[in-house]
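Contents: one structure, followed by commentary.
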Amino acid sequence: MRRRFFVPQFEEKRAVIEGDAAHHLGRVLRAEAGQLYELSDGRQVWLGRVSSVARDRVEFALVEELTSRRSSVDVTLLLAVVKFDAFEWAIEKATELGVNAIVPLAAARSEKALLSAAAKRAERWKKILVEASQQSRRLSVPSLGALTRPEQSFAQQGEELKLLLSERQDAPTLRTLLEGEKSSNVVIAIGPEGGWTDKELESATQSGFNQVSLGNLILRTETAVIAALANLNYALGAE
């Protein structure tokens with residue numbers, strides 16, 4: 001299976017990769033003239049043949065346009081910041097599962113030291129999203145929002161279906177709420193290990209979010225991300 005890489009644009013039957021990605025192609029993968037790779041600019045996918053390899057620049061001649069499919073469901077993930085190894089694993093898997101946007105949340109019960117360091121991790125997180133998108137052969141890379149307070153982020157969402165994972169015993173299960181649902185735009189909020197505060201839950205309700213659960217099991221944040229997104233893809237027929 002050919003590797004896929006992202007390019008800024010296609011221009012006159014050619015494309016160029018520069019910087020770290022070019023260095024990886026040339027020095028790690030040892031790309032050579034004549035080799036074929038899949039290239040995406042976020043809108044189209046082309047088969048490209050390497051025409052030249054320099055230290056931090058790889059040029060391609062475009063061979064043919066390949067079939068590409070966009071997901072039928074647009075999902076935004078609002079994810080509370082947790083320990084960085086778990087958070088980074090979660091956003092990697094969320095990318096593989098097709099989310100279109102990820103917004104890190106500075107939840108009240110997120111560790112303060114992590115929130116202070118989050119801004120410095122943004123470039124690393126973007127790199128993770130790119131690598132996960134290439135590995136899973138996505139058409140485009142999900143966007144990464146700035147660190148935001150939950151109340152502010154809840155109020156900014158305008159999607160058709162708004163979901164918030166809750167530990168409330170009387171919250172309906174995600175499976176129940178999704179029965180018969182046909183929404184193509186979804187936002188789902190997943191909190192920190194300590195859960196949401198009452199203030200955050202009230203803010204979410206006021207912004208039109210439906211509280212849902214994943215059943216009786218208590219899951220870690222990163223596990224909940226996978227379980228929730230897999231449920232969404234199955235129920236809404238994401239392709």
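Computed from the coordinates by the stated procedures, all read-outs in this text should not be read as laboratory data. Just so it is clear, the structure is predicted and the values come from calculations on it, not from any experiment. No Cβ is skipped: glycine too gets one built from the backbone with ideal geometry, and neighbour counts run over all protein chains shown.
Structure notes:
- Which of 37, 234 has the fewest Cβ neighbours within 10 Å, and the rest in rising order: 234, 37
- Alpha-carbon centroids, the range 97-171 and the range 178-239: separation in whole Å: 13 Å
- Looking at the chain alone, DSSP beta bridges between its own residues are antiparallel in about 45 percent of cases.
- Between residue 168 and residue 11, the distance separating the two model label sites (each 7 Å from Cα on the Cα→Cβ line) works out to 5.3 nm.
- Rg/Rh ratio calculated on Cα atoms of the range 43-86 (Kirkwood radius): 1.23
- Amide N of the range 73-114 lying under 17 Å from the label point, which is placed 7 angstrom from the Cα of residue 202 along Cα→Cβ: 108-109
- With all pairs of separate Cα atoms included, the chain yields a Kirkwood hydrodynamic radius of 19.1 Å.
- Count, lysine Cα pairs under 22 Å in the chain, 8 or more residues apart or across chains: 14
- Distance between the modelled labels on residue 156 and residue 29, one decimal in nanometres: 3.3 nm (7 Å Cα→Cβ projection).
- Value at 222 nm in deg cm²/dmol, rounded to 500, when DSSP H runs of n ≥ 4 in the chain each add -39,500 (n - 2.57): -10000 deg cm²/dmol
- Take the Cα of residue 143, step 7 Å toward its Cβ, do the same at residue 234, and the gap between the two points is 3.1 nm.
- The orientation-averaged shadow of the Cα convex hull for the range 4-66, equal to a quarter of the hull surface, comes to 3.6 nm².
- Taking a point 7 Å out from the Cα of residue 51 in the direction of its Cβ, the residues of the range 1-42 whose backbone N falls within less than 14 Å of it are 10-17, 33-35.
- If R0 is taken as 25 Å, the Cβ-Cβ distance between residue 36 and residue 127 corresponds to a FRET efficiency of 0.55.
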